[in-house]
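Report on one structure; see the data block that follows.
The values are calculated or read from the model by the stated rules, or taken from the named source; none is laboratory data. Remember, predicted model here, so these are calculated numbers, not experimental data. Counting neighbours? That spans all protein chains shown, and the Cβs are built from the backbone with ideal geometry, glycine included. For the accessible areas, the whole protein counts, side chains as well, though only heavy atoms, and no ligand, DNA or RNA atoms are used. Shrake-Rupley method; radii C 1.70, N 1.55, O 1.52, S 1.80 Å.
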Protein chains: 2
Amino acid sequence: MLRTHTCGELRLENVGNEVTLSGWVQRVRNKGGLVWVDLRDRYGLTQLIFEEGSTDEVILAKAASLGREFVVQAKGTVIERTAKNKNIPTGEIEIKVTSIEVLNPAKLPPFLIEDETDGGEELRMKYRYLDLRRNVIREKLQLRHRMMQETRKYMDSADFIEVETPVLIKSTPEGARDFVVPSRVNQGEFYALPQSPQTFKQLLMVSGFDRYFQIVKCFRDEDLRADRQPEFTQIDCEMSFVEQEDILDTFEGLTRHLFKTVRGVELEEVKRMTYTDAMRFYGNDKPDLRFGMRFEELNGLMQGKGFGIFDQAEKILGICAEGAAEYTRKQLDALTDWVKRPQIGAKGLVYIKYNADGSLKSSVDKFYSSEDLQAVANQFGAKPGDLILILSGDSAAVTKQMSELRLKMGDDLGLRDKNIFKPLWVIDFPLLEWDEETGRYHAMHHPFTSPKKEDIALLETDPGAVRANAYDLVINGVEIGGGSIRIHDKSTQSMMFTHLGFTPEEAKKQFGFLLDAFEFGAPPHGGIAFGFDRLCAIFGGSDSIRDYIAFPKNNSGRDVMIDSPSTIAEDQLKELSIKVEIAEKTK
Amino acid sequence: MLRTHTCGELRLENVGNEVTLSGWVQRVRNKGGLVWVDLRDRYGLTQLIFEEGSTDEVILAKAASLGREFVVQAKGTVIERTAKNKNIPTGEIEIKVTSIEVLNPAKLPPFLIEDETDGGEELRMKYRYLDLRRNVIREKLQLRHRMMQETRKYMDSADFIEVETPVLIKSTPEGARDFVVPSRVNQGEFYALPQSPQTFKQLLMVSGFDRYFQIVKCFRDEDLRADRQPEFTQIDCEMSFVEQEDILDTFEGLTRHLFKTVRGVELEEVKRMTYTDAMRFYGNDKPDLRFGMRFEELNGLMQGKGFGIFDQAEKILGICAEGAAEYTRKQLDALTDWVKRPQIGAKGLVYIKYNADGSLKSSVDKFYSSEDLQAVANQFGAKPGDLILILSGDSAAVTKQMSELRLKMGDDLGLRDKNIFKPLWVIDFPLLEWDEETGRYHAMHHPFTSPKKEDIALLETDPGAVRANAYDLVINGVEIGGGSIRIHDKSTQSMMFTHLGFTPEEAKKQFGFLLDAFEFGAPPHGGIAFGFDRLCAIFGGSDSIRDYIAFPKNNSGRDVMIDSPSTIAEDQLKELSIKVEIAEKTK
């Protein structure tokens, strides 16, 4: 090795040792006859010292001439520092250097390699290899590494077998868009990259693998929104001979294990909530439970009092923000403007202040008496000092608006601490959702999800009311994963395909192998997949997944560092039996 | 759960327990009033018993009617067997069943779900999910799982960080053919799937990650030979501030760890051999060291004695097969026919028998005296009872032929025991190899491999003689992995691209990001990649990798189970701005 120690390991007990270190020059301080160089590697920072008189002149000059990010190798003796630095583990020693070699010089980096950098997003992406040098970024990827190792430890110890499913699979029109791969050997035919290993993991259950897991890359050719990536990583699992409860238990265990080993957090019990309750009380199928502010429906209390807007509204919803009665007129106006922005789309905002002196003041005082307002306050169990915020309108719209307002109030009142974790199972999702565009029902989860037995009859009469054996894990308002108990018999699966608008021929062409497999002894089974990038971001306390991915793509799906995608040679296209043909109108 | 225990865990101490088991019907034996059912799952086999008189009649009839591979759930009491089966861990008990439920019936499988099956390759691939049910196949994938977990344990404990590199990267014309992925958003442009994460792992070294690993899918669109797969898995690693010795040590450690934990084998010291010696003594850069039979060059001893074929040969090579002097005339004729097959291509085979009585007998006695033959025997250190086999001809051809003959003799004499492991580092590979077709030198390993310092001057005068800091790990004649110390400075890398026939523009277009990165402080680094599928096969004692891959493709790159690749919809092609165009001549 080109070093005897890393830059993070020398301590007082090493004083007197002859050592060789290699690393990057973080900083050079030159006080004339005295030069200090901070040498950095992944493991830490060690101070090198060069002193006129005791250090050879040539070496002293060399040290003084080192530039930022030069790669150097230094030999010398560990000595005790006179001025100790308590902030770093190596701060009690330094290296009195006897020889130094530049292993590779460096041009000045285009941005500062420091925790706080001056580089913009685009620049840092182009030079991602330099951005990754920053401790704050590298630590995120080390967290990810730790998460992967601990996930595997837990799954392995629970008898799950890690199986790699294929990346070159078959395109299916259902769901999001596939990325496809032209086959050279099978002319005119294409592989697809998996959106998830769903059918393969189900086949592994048919094979009797009993418990499968994989940490696996998946692919979706979607129009990229902020914080979506065309390739992403899942913790993917499937279990046989289980009911929903077994899966929730197992993966609550995984979540608990990860929090304990990676974050040192003992997770509290994971609460459960039906989809219906989540929508009703939080307007959202992934409620953030770090704070309350549950919705109250106020139709009964607030309609029929002469306030036309409320009287005509399909739904009136309110939340109570504890201790926010002090909000000024200016703050309330700002909130009103906020809910009226097109992204939220409310027509206005009604408030009731429960003042510290016990009096009630609202923006609609002329329609509601003190008693009316008190009744509303009582509905929330409000106390003096609280602020009630009310929206009204079309049921679906007001639910969504109130959900946004609730989250904003949580932010504004500092109730969304990144170091507090409130996990939640949302259960009993609807099986189907109506798609306005295509005018038919779509599988809310995917076509392999089983309906609840007691709801099957509703498939004919009220498909939208059928509940599925489907569940999501939500942490702090973020959907971490979801899964379901699957259909495991051919007739139910065929019926489901029919309900989803497949002809028997289409079902056979796309999923014939699965329908066949179900006839050869398929066990009851179910599973779950966690979004690994997002799970890492949650653990790291970040809102964005991008820094938890070593080489992410930008919002146009482009890797600006390697400049990909790119054109390819005509020969290559010809070999693949394809031709580029850009439609006129989109040129 | 639908079970209290698995089918592999009940023992005598469980006698009296009320249990619920779920699994597959392996076998039903019906002796009239007495029915036994073997219930199988991944964990084992448990016998269920149904007895007229004590078992309810309906249940008895149900048991008798169960078919092979039905999925059933049985409840009952653990009892001690009268006739114990010592061959299985659950053989001392059986379950007296009180209720049984068919969870899913099964059609008769198209082949036997037994260790020895009657299913042909094609049929087993189409119903791979049934093939995977066979213990012998599932165990191979469990071995693979174990290998993955132990690899990660070792790498993690050695401070390697697992980093996922992207799957959607950029096509480079160098090397094998890329699979490409049309980009919908970036019209007319394509991603490529990685043949290896080579440049990304080098960038991670530039980023200071210091030690990287990944168990990663790679892709090569090659014409498939037997036992090649378009997607395959690598253990991919890279280390900074290292010399060749550090890498060999680390990965010898990994290999040793895997053998110990997965196979219970304490590996002997990993020998080292230069490429030159491997070619000279074994005619092969991946010699099988489970047996000797080193080549001896016999030009000196056997030319000039009047045997025209040898006199005109560029090279005469011999091996000595210990104890094979008893080979009959018929066996020797068969060997001669074998080397003359077109796949081997030798013109003939000369032998010298060192008989047990000390006499020497050869197929060319009329040209060589007893003393001549004795001199040849002495060259090998042969003993009475040995058989010397000799081939001659053009140097390259005879080397290859003799390598094949040596391996065949190893097989014939039972010297290639699958449970003996002889690992070897082959080092000092040539940097370049001449390609007749393109009339230029190619990188033998890849363009990022560093030449040995002392050989750099030869690049101008004798490029083929330049040795690289490159190494392969070979076990039992199979190349398990290879790697190199990389170039880490822009000028050497640019020079290498020039030698490989890149124009500066091409080099910049394809690898500009790497050349740029080398200017911002790249540390000396090197790495290695192990072929994981093959490593698993070696550990499992198999010649074929196919059964170590859950869902392999056939020799036309086709997954016959899901029927992929397949055609895709016109709309999909249009969205991707491509068109299928099959060239006339190949239609």
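The residues listed here are A:280, A:256, A:329, A:294; of these, the one that is open to solvent by 70 Å² or more (accessible area, probe 1.4 Å) and touching a residue at least 24 places away in the same chain (Cβ under 8 Å) is A:294. Scanning segment A:55-67 for residues that are within 13 Å of residue A:99 (Cα to Cα), open to solvent by less than 70 Å² (accessible area, probe 1.4 Å) and not in a helix (DSSP H, G or I) yields a single hit, A:55. Entry remark, segment A:159-178: residues being more than 30 Å from residue B:41 (Cα to Cα) and open to solvent by less than 10 Å² (accessible area, probe 1.4 Å) number 0 in total.
Looking at the structure I just gave you, is residue A:529 over 30 Å from residue A:450 (Cα atoms) and either assigned to a helix (DSSP H, G or I) or at pLDDT 95 or above (or both)? When the stated conditions are applied, residue A:529 does not pass them. Can you confirm whether segment A:235-243 contains a residue that is within 13 Å of chain B (Cβ to nearest Cβ), surrounded by fewer than 19 Cβ atoms within 10 Å (Cβ to Cβ), closer than 30 Å to residue B:72 by Cβ and of a type outside the set (A, V, I, L, M, F, W, C)? There is at least one residue in segment A:235-243 that is within 13 Å of chain B (Cβ to nearest Cβ), surrounded by fewer than 19 Cβ atoms within 10 Å (Cβ to Cβ), closer than 30 Å to residue B:72 by Cβ and of a type outside the set (A, V, I, L, M, F, W, C). Among the residues that make up segment B:379-389, is at least one of them in a helix (DSSP H, G or I) and either open to solvent by 50 Å² or more (accessible area, probe 1.4 Å) or modelled with pLDDT of 95 or more (or both)? There is at least one residue in segment B:379-389 that is in a helix (DSSP H, G or I) and either open to solvent by 50 Å² or more (accessible area, probe 1.4 Å) or modelled with pLDDT of 95 or more (or both). Of the residues making up segment B:555-573, not one is open to solvent by less than 30 Å² (accessible area, probe 1.4 Å), in a loop (DSSP other than H, G, I, E, B) and among the polar types (S, T, N, Q).
Looking at segment A:476-499, can you tell me whether even one residue there is open to solvent by 20 Å² or more (accessible area, probe 1.4 Å), of a type in the set (D, E, K, R) and under 24 Å from the mean Cα position of the chain (by Cα)? Checked against the condition, which is being open to solvent by 20 Å² or more (accessible area, probe 1.4 Å), of a type in the set (D, E, K, R) and under 24 Å from the mean Cα position of the chain (by Cα), segment A:476-499 yields at least one hit. Within segment A:136-161, being more than 23 Å from the chain's Cα centre (by Cα) and of a type outside the set (Val, Ile, Thr) holds for A:156, A:157, A:158, A:159, A:160.
Restricting B:245, B:238 to those that are of a type outside the set (Val, Ile, Thr) and without any contact (Cβ under 8 Å) to a residue 12 or more places away in the chain reduces the list to B:245. Please tell me if residue B:185 is open to solvent by 10 Å² or more (accessible area, probe 1.4 Å), under 24 Å from residue A:218 (Cβ atoms) and at the interface with another protein chain (Cβ under 7 Å from one of its Cβ atoms). Yes: the conditions hold for residue B:185.
Could you say whether any residue in segment B:95-105 is touching a Lys or Arg at 6+ places or on another chain (Cβ under 6 Å), open to solvent by less than 20 Å² (accessible area, probe 1.4 Å) and assigned to a loop (DSSP other than H, G, I, E, B)? No: zero hits. Only residues that are under 30 Å from residue A:540 (Cβ atoms) and open to solvent by 30 Å² or more (accessible area, probe 1.4 Å) were counted in segment A:390-426, giving 15.
Can you pull out every residue in segment B:574-587 that is surrounded by fewer than 21 Cβ atoms within 10 Å (Cβ to Cβ) and not polar (S, T, N, Q)? Within segment B:574-587, B:574, B:575, B:579, B:580, B:581, B:582, B:583, B:584, B:585, B:587 qualify. Does segment B:29-37 contain at least one residue that is assigned to a strand (DSSP E or B), without any contact (Cβ under 8 Å) to a residue 24 or more places away in the chain and touching a helix residue (DSSP H, G or I) at 6+ places or on another chain (Cβ under 7 Å)? The answer is no, given that none of the residues of segment B:29-37 is assigned to a strand (DSSP E or B), without any contact (Cβ under 8 Å) to a residue 24 or more places away in the chain and touching a helix residue (DSSP H, G or I) at 6+ places or on another chain (Cβ under 7 Å). Of the residues making up segment A:131-166, those that are without any contact (Cβ under 8 Å) to a residue 60 or more places away in the chain, in a helix (DSSP H, G or I) and at the interface with another protein chain (Cβ under 7 Å from one of its Cβ atoms) are A:142, A:145, A:149, A:156. Filtered by the rule that a residue be at the interface with chain A (Cβ under 7 Å from one of its Cβ atoms) and of a type in the set (Phe, Trp, Tyr), segment B:188-227 gives B:190, B:191, B:200, B:209.
Filter segment A:427-436 for residues that are acidic (Asp, Glu) and open to solvent by 30 Å² or more (accessible area, probe 1.4 Å); which is farthest from residue A:277 (Cα to Cα)? Across segment A:427-436, the extreme among qualifying residues is A:436.
Among the candidates A:369, A:403, A:363, A:395, the residue that is closer than 14 Å to residue A:347 by Cβ and either among the hydroxyl-bearing types (Ser, Thr, Tyr) or in contact (Cβ under 8 Å) with a residue 40 or more places away in the chain (or both) is uniquely A:363.
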